[in-house]
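Here is the structure we will look at, set down as structure tokens.
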Amino acid sequence: MRGMMMGRFQPFHLGHLDLVQQILQECDEVIITVTSSQFNYLKKDPFTAGERIEMIRNSIKESNLDLAKCIILPIENQFNIATWASYLKSMLPHFDRVYSGNIYVQMLLKNSQIEVVPPKFLEKEKYNATQIRSKIILNEDWEYLVPHAVSEFIKKINGKNRIEIINTSDTKPTEY
């Protein structure tokens, strides 16, 4: 059985890693779908799809999960919501179920006869990418909220500086 999880992963944090572990306890493989892959260098989406994939891959390797059981793929947002479920089926390898706590996503997928499993969130209020990005800007402690591999990757690409510039610039690229 193959489970699928999706998210923007801006950045990938310990709550996301916990969900990967949950899925691998219940399924043979997991597809980790990096959504909004076409967006980057924005306040809500500062990291590129490639950077997010590296963060996820490095975190899985670091946590000693079997990377061979994990498929990490980017996917662009689909603006025709009525065809979104069929778009996922056509763009991704076969999956048997989707793990999502988003009630909107649950509704859309259930309408397309896709099994949706609500995950057990690891302290959802604490592990929140919006708050992590905010902590980075405010120079607050944030590294304990993400796998070590993610904090190292963000430092390597000077992600703190990128997030600060994006958030303080008067240039406002088109948000979606």
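The values are calculated or read from the model by the stated rules, or taken from the named source; none is laboratory data. Computed from a prediction, not measured in an experiment: that's the story for all the values here. Quick reminder, even Gly has a Cβ in these numbers, built from the backbone with ideal geometry, and neighbours come from all protein chains shown.
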State which residue is farthest from Lys61 (Cα to Cα) when the search covers only the stretch 5-35 and only residues that are free of Cβ contacts under 8 Å to residues at least 60 places away in the same chain and out of contact with any strand residue (DSSP E or B) (no Cβ under 9 Å at 6 or more places or on another chain).
Gln25
When residues of the stretch 24-35 are limited to those that are within 12 Å of Met6 (Cα to Cα) and more than 9 Å from the chain's Cα centre (by Cα), the one surrounded by the fewest Cβ atoms within 10 Å (Cβ to Cβ)
Ile31
Working only within the stretch 129-153, note down all residues that are exposed (fewer than 15 other Cβ atoms within 10 Å of the Cβ) and polar (S, T, N, Q).
Thr130, Ser134, Asn139
Give me the residue from the stretch 33-49 that is at pLDDT 95 or above and touching a helix residue (DSSP H, G or I) at 6+ places or on another chain (Cβ under 6 Å) and, out of that set, farthest from Leu67 (Cα to Cα).
Pro46
For the stretch 91-128, what are the residues that are more than 22 Å from Cys70 (Cα to Cα), of a type in the set (A, V, I, L, M, F, W, C) and exposed (fewer than 14 other Cβ atoms within 10 Å of the Cβ)?
Ile103, Met107
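Are any residues in the stretch 164-176 charged (D, E, K, R), touching a residue at least 24 places away in the same chain (Cβ under 8 Å) and in a loop (DSSP other than H, G, I, E, B), and if so, which ones? I'd like the intermediate steps shown before the answer.
Step one: of the stretch 164-176, the residues charged (D, E, K, R) are 164, 170, 172, 175.
Still in the list and also touching a residue at least 24 places away in the same chain (Cβ under 8 Å): 164, 175.
Of everything in the stretch 164-176, just one residue is charged (D, E, K, R), touching a residue at least 24 places away in the same chain (Cβ under 8 Å) and in a loop (DSSP other than H, G, I, E, B), namely Glu175.
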Considering residues of the stretch 100-126 that are within 15 Å of Met4 (Cα to Cα) and of a type in the set (Lys, Arg) only, the residue farthest from the chain's Cα centre (by Cα):
Lys110
Mind listing whichever residues of the stretch 32-49 are of a type outside the set (Ser, Thr, Tyr) and over 18 Å from Gln78 (Cα atoms)?
Leu42, Lys43, Pro46, Phe47
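Filter the stretch 36-71 down to residues that are surrounded by 19 or more Cβ atoms within 10 Å (Cβ to Cβ) and touching a strand residue (DSSP E or B) at 6+ places or on another chain (Cβ under 7 Å) and give me whichever is farthest from Ile154 (Cα to Cα). Let's see the steps before the verdict.
Looking only at the stretch 36-71, we keep the residues that are surrounded by 19 or more Cβ atoms within 10 Å (Cβ to Cβ), and these are 36-37, 39, 45-47, 49, 51-56, 59-60.
Remaining after also requiring touching a strand residue (DSSP E or B) at 6+ places or on another chain (Cβ under 7 Å): 37, 49, 52-53, 56, 60.
Working: Ser37: 18, Ala49: 14, Arg52: 10, Ile53: 13, Ile56: 12, Ile60: 16 Å.
The selected residue is Ser37.
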Would the stretch 78-89 turn up any residue that is crowded, with 18+ Cβ neighbours inside 10 Å and more than 16 Å from the chain's Cα centre (by Cα)?
yes
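Here is a check on your reading of the model: is Leu42 out of contact with any Ser or Thr (no Cβ under 6 Å at 6 or more places or on another chain), assigned to a loop (DSSP other than H, G, I, E, B) and over 26 Å from Ile136 (Cα atoms)?
Working: out of contact with any Ser or Thr (no Cβ under 6 Å at 6 or more places or on another chain): yes; assigned to a loop (DSSP other than H, G, I, E, B): yes; over 26 Å from Ile136 (Cα atoms): no.
In short, no.
Being part of a loop (DSSP other than H, G, I, E, B) and either farther than 16 Å from Phe12 by Cβ or acidic (Asp, Glu) (or both) is the filter here; which residues of the stretch 151-163 pass it?
Kept after step one, since they are part of a loop (DSSP other than H, G, I, E, B), are these residues of the stretch 151-163: 157-158.
Within the stretch 151-163, just Asn158 meets the criteria.
Looking only at the stretch 108-121, decide whether some residue is touching a residue at least 12 places away in the same chain (Cβ under 8 Å) and under 17 Å from Ser36 (Cβ atoms). Full working, then the answer.
If we filter the stretch 108-121 for residues that are touching a residue at least 12 places away in the same chain (Cβ under 8 Å), which is where we start, we get 108-109, 111-112, 114-121.
Then drop every residue that is not under 17 Å from Ser36 (Cβ atoms), which leaves 108.
Among the residues of the stretch 108-121, at least one is touching a residue at least 12 places away in the same chain (Cβ under 8 Å) and under 17 Å from Ser36 (Cβ atoms), which makes the answer yes.
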